[in-house]
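Working notes for the structure below.
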Amino acid sequence: MNDIVKIGCGSAYASDWLEPAKALADSGLVDYLAFDCLAERTLALAQIRKLADPSTGQDLRLARIMEDFAGFLGSNRTIVGNFGAANPDAAAADVVAGARKAGLDGLRVGVIRGDDVLKQVLDLDVALPERGVTAGQVRDRIVSAHAYIGAEPVVELLGEGARFVLGGRIADPSLFVGPICHELGWDLDDWASVGVATVAGHLLECGIHVTGANFADPPLRVLPALHDLAAPFAQVTSDRRVIVGKLDGTGGGVTEATVKTQLGYEVNDPAAYLTPDVTADFSALQVREIGPDRVEVTGAGGQAAPERLKVLVGLDLGFDVVGEVSYGGPGCVERARLAADVMRERFAPFAEGIDELRVDLLGVDALFEGRLQRGYPAEVRLRLAVRCADCDTATAVAEHVEFLYFAVAGGGGVTKSMRPAIGVTPAYLDRDTVRLETEVVTA
Amino acid sequence: MKLRDIAYSRSGDKGEVSNVCVFVYDPADYRRIVEELTVEAVEAAFRPLVKGEIVRYEMPTLHGLNFVMQDALAGGVSMSLRVDPHGKSFQSLVLDIEV
């Protein structure tokens with residue numbers, strides 16, 4: 001058992017840039033790196049890849065990660081991540097292959113299975129409250145269902161000597177809670193301590209968000225070298241302090257303000273931040289700058305973990321077609337609106353296959369739907385977004401988007417795109433219906 | 001003046017729910033936003049962009065407020081046809097409110 005654990009963020013989503021994490025790994029400042037690889041929709045897309053090829057569905061960066069972080073793993077340090085996505089065993093195979101290639105023979109790789117709960121969701125016909133239906137009513141549209149799982153299997157595998165731990169939908173903060181509780185000897189039912197670990201995880205899980213991303217607003221809020229934002233790290237101590245920092249010489253900053261904005265990010269009730277591990281209490285936090293790019297956070301608490309686990313259910317919604325065109329000068333707004341009306345007529349023959357048609361004037365009302373008005377624009381870009389129930393309708397709609405060049409005067413720069421529409425919607429399962437298993441494989 | 005002159009913000013999303021948190025630069029301004037940045041003031045800025053209930057949480061030790069908005073994202077990041085399905089830009093709209 002230790003008095004302090006040093007942990008950094010390796011990744012905040014599936015296509016995150018890895019250079020800042022590599023610099024942090026090479027610095028020697030951290031003993032653990034946790035990689036979050038999954039945004040809300042990533043798992044549904046991974047399941048679709050797996051359907052086409054059962055040997056895939058895992059994070060696609062593992063070969064590169066095993067090369068770039070071989071030195072980190074080779075110096076007795078540890079990586080935890082939800083690299084498994086839809087296929088934890090495929091991810092483990094990639095890690096084992098990468099370890100052997102890098103000369104890391106004998107690396108113990110911990111695999112967590114069981115977050116894939118598609119069978120339970122269908123068998124129990126669970127409610128999908130945001131859709132107002134049950135799973136059974138949209139059975140033919142469901143492509144995936146994964147439960148957010150907590151730190152318990154991570155702690156178990158670390159205890160068995162695993163130095164690369166991976167699973168599917170391990171919750172973002174839990175990727176950090178596992179190593180923190182393992183190192184500090186915190187029991188997972190010591191809710192106050194798990195609350196502290198969860199604050200650390202929440203601060204780090206979005207990577208550069210706490211070092212200056214999504215933050216600058218000149219002239220009021222400016223940070224240096226925004227092109228080179230750092231991967232953050234935290235030191236968590238046995239007396240329940242969390243100190244967030246970044247590597248010297250990198251861009252951005254770790255300040256009271258960057259920490260506060262991340263503390264509030266994607267939080268509902270600050271006294272009840274729900275994760276699979278704990279109901280964390282952020283309502284009495286103290287944030288204090290204790291040095292350059294070093295901020296201390298204290299005062300976190302926690303109550304018992306939620307009884308049910310949140311599940312994200314992936315739904316096949318058909319296809320989205322998006323077309324855009326620009327107009328400028330006098331009358332540009334009126335021409336854009338007329339062009340939208342013309343396009344509605346062009347799409348009319350396919351109305352049966354169109355579930356939703358959205359019209360935006362970029363530069364006028366796209367972000368705030370008219371809540372802010374600032375005079376007549378010099379130019380606008382018309383955007384038509386069409387949700388189609390099937391591929392044939394989408395193909396036809398996409399063909400007609402070209403007509404944006406001809407509908408009214410002066411339309412330039414037509415672009416169009418078509419892609420599958422995959423949505424995710426929440427559901428909830430009792431914990432005892434989600435059975436996890438762990439295994440250690442050796443490279 | 002605009003809220004932007006005394007405060008900063010960030011918006012996040014979970015499904016159809018958007019949260020917009022606001023923090024003052026100077027702790028002395030905290031009472032002022034508690035009094036002036038009411039749910040009604042935020043509703044006036046965000047309706048009908050946000051369709052559901054808006055709840056405000058106070059964070060006195062952080063000198064901030066958190067607004068949780070239901071049915072705010074036209075289906076959420078994975079379903080919405082909006083240009084900004086996450087509502088990342090909501091943090092800028094709140095700063096346009098007059099205080």
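Just so you know, all these numbers are worked out from the coordinates, no wet-lab data involved. Values in this document were obtained by computation on a predicted structure and should not be read as measured data. Cβ coordinates were reconstructed from backbone atoms using ideal geometry, including for glycine residues, and neighbour counts include every protein chain displayed.
Across the stretch B:3-94, the mean sequence separation of Cα contacts (distance under 8 Å, 6 or more residues apart), normalised by length, yields a relative contact order of 38 percent.
Simple point charges give the picture: +1 on the Cβ of Lys and Arg, -1 on the Cβ of Asp and Glu, and for the stretch A:314-422 a dipole about the Cα centre of about 460 debye. If you take the Cα centroid of the stretch A:398-435 and the Cα centroid of the stretch A:230-276, the two points sit 34 Å apart.
Full extension of the segment from A:Glu334 to A:Glu437, taken as 0.36 nm per residue of separation minus the current Cα-Cα distance, would add 31.0 nm. Working from Cα pairs under 8 Å separated by at least six residues, relative contact order for chain A is 18 percent. In chain A, if the dipole is taken from +1 on Lys/Arg beta carbons and -1 on Asp/Glu beta carbons about the Cα centre, which of A:Leu188, A:Leu45, A:Phe350 is farthest to the positive end? Of the candidates, A:Phe350 comes out farthest on the positive side.
Measuring r between the beta carbons of A:Arg64 and B:Lys2 and using R0 = 56 Å, the FRET efficiency lands at 0.80. Sorted on the mean count of surrounding Cβ atoms within 10 Å across their residues, most packed first, peptides A:223-230, A:417-424 read A:417-424, A:223-230.
Model label points for A:Ala271 and A:Leu372, set 7 angstrom from Cα along the Cα-to-Cβ axis, are 3.4 nm apart. Charging the Cβ of each Asp and Glu at -1 and of each Lys and Arg at +1, and nothing else, the dipole of the stretch B:3-94 about its Cα centre rounds to 240 debye. The HN-Hα couplings worked out from phi for the stretch A:373-389 by the Karplus form 6.51 cos²θ - 1.76 cosθ + 1.60 (θ = phi - 60°) are 10, 9, x, 7, x, 6, 7, 9, 10, 7, 10, 10, 10, 10, 8, 10, 6 Hz, whole numbers, x standing for Gly and Pro. In terms of surrounding Cβ atoms within a 10 Å radius of their Cβ, A:Cys181, A:Cys206 rank from fewest to most as A:Cys206, A:Cys181.
Pairs of alpha-carbon atoms within less than 8 angstrom and 6+ residues apart define the contacts here; what relative contact order does the stretch A:314-422 have, in percent?
Worked out over the stretch A:314-422, it gives 51 percent.
Applying a DSSP loop filter and a limit of 11 other Cβ atoms within 10 Å to the trypsin sites (Lys or Arg not before Pro) in the stretch A:348-383 leaves A:Arg374. Averaged over peptide B:59-72, the number of partner chain Cβ atoms lying within 10 Å of each residue's Cβ comes to 4.
For a footprinting-style exposure proxy, rank A:Leu338, B:Leu95, A:Leu62, A:Leu33 by other Cβ within 10 Å, fewest first.
A:Leu338, B:Leu95, A:Leu62, A:Leu33
With no solvent and one equal point scatterer placed on each C-alpha of the stretch A:307-375, evaluate the Debye formula and give log10 I(q)/I(0) for q = 0.16 Å⁻¹, two decimals. Once normalised to I(0) and log-transformed, intensities are -0.75. For chain A, the residue among A:Thr393, A:Pro426, A:Gln120 whose Cα projects farthest onto the positive side of the dipole built from Cβ charges is A:Thr393.
So for the pair A:Asp355, A:Leu124, with labels modelled 7 Å out along Cα→Cβ, what separation do we get in nm? Result for the modelled spin labels: 2.5 nm. A cut-off of 5 Å between modelled amide H atoms, ignoring neighbours fewer than 5 places along the same chain, links A:Glu356 with A:Arg387. Once the C-beta distance of A:Glu345 and A:Asp53 is scaled by a Förster radius of 30 Å, the resulting FRET efficiency is 0.10 to the nearest 0.05. Each residue, B:Arg31 and B:Val83, gets one label point 7 Å from its Cα in the Cβ direction; the gap between the two is 4.1 nm. Among the GluC sites (Glu not before Pro) in the stretch A:214-312, those located in a DSSP loop and surrounded by at most 13 other Cβ atoms within 10 Å of their own Cβ are A:Glu307.
Using the Cβ-Cβ distance between A:Asp190 and A:Ser417 with R0 set to 45 Å, the FRET efficiency works out to roughly 0.35. Taking the Cα centre of the protein assembly as shown as origin and assigning +1 to Lys and Arg Cβ atoms and -1 to Asp and Glu Cβ atoms, the resulting dipole is close to 860 debye. Sequentially through the stretch A:104-121, phi angles give Karplus couplings (6.51, -1.76, 1.60; θ = phi - 60°) of 9, 4, x, 4, 8, 10, x, 10, 10, 10, x, 6, 6, 10, 4, 4, 4, 4 Hz, Gly and Pro residues having no value and appearing as x. The alpha-carbon of A:Lys246 sits under 15 angstrom from the alpha-carbons of these aspartates and glutamates, leaving out residues fewer than 8 places away in its chain: A:Glu19, A:Asp26, A:Asp31, A:Glu205, A:Asp228, A:Glu256, A:Glu289, A:Asp293, A:Glu296. Taking other Cβ atoms within 10 Å as a rough exposure proxy, A:Tyr32, A:Tyr13 sort from fewest to most as A:Tyr13, A:Tyr32. Across the stretch B:16-32, coupling constants 3J(HN,Hα) worked out from phi with the 6.51/-1.76/1.60 Karplus curve, θ = phi - 60°, read 8, 9, 10, 10, 10, 9, 10, 10, 8, 5, 10, x, 5, 8, 4, 4, 4 Hz, and Gly and Pro carry x.
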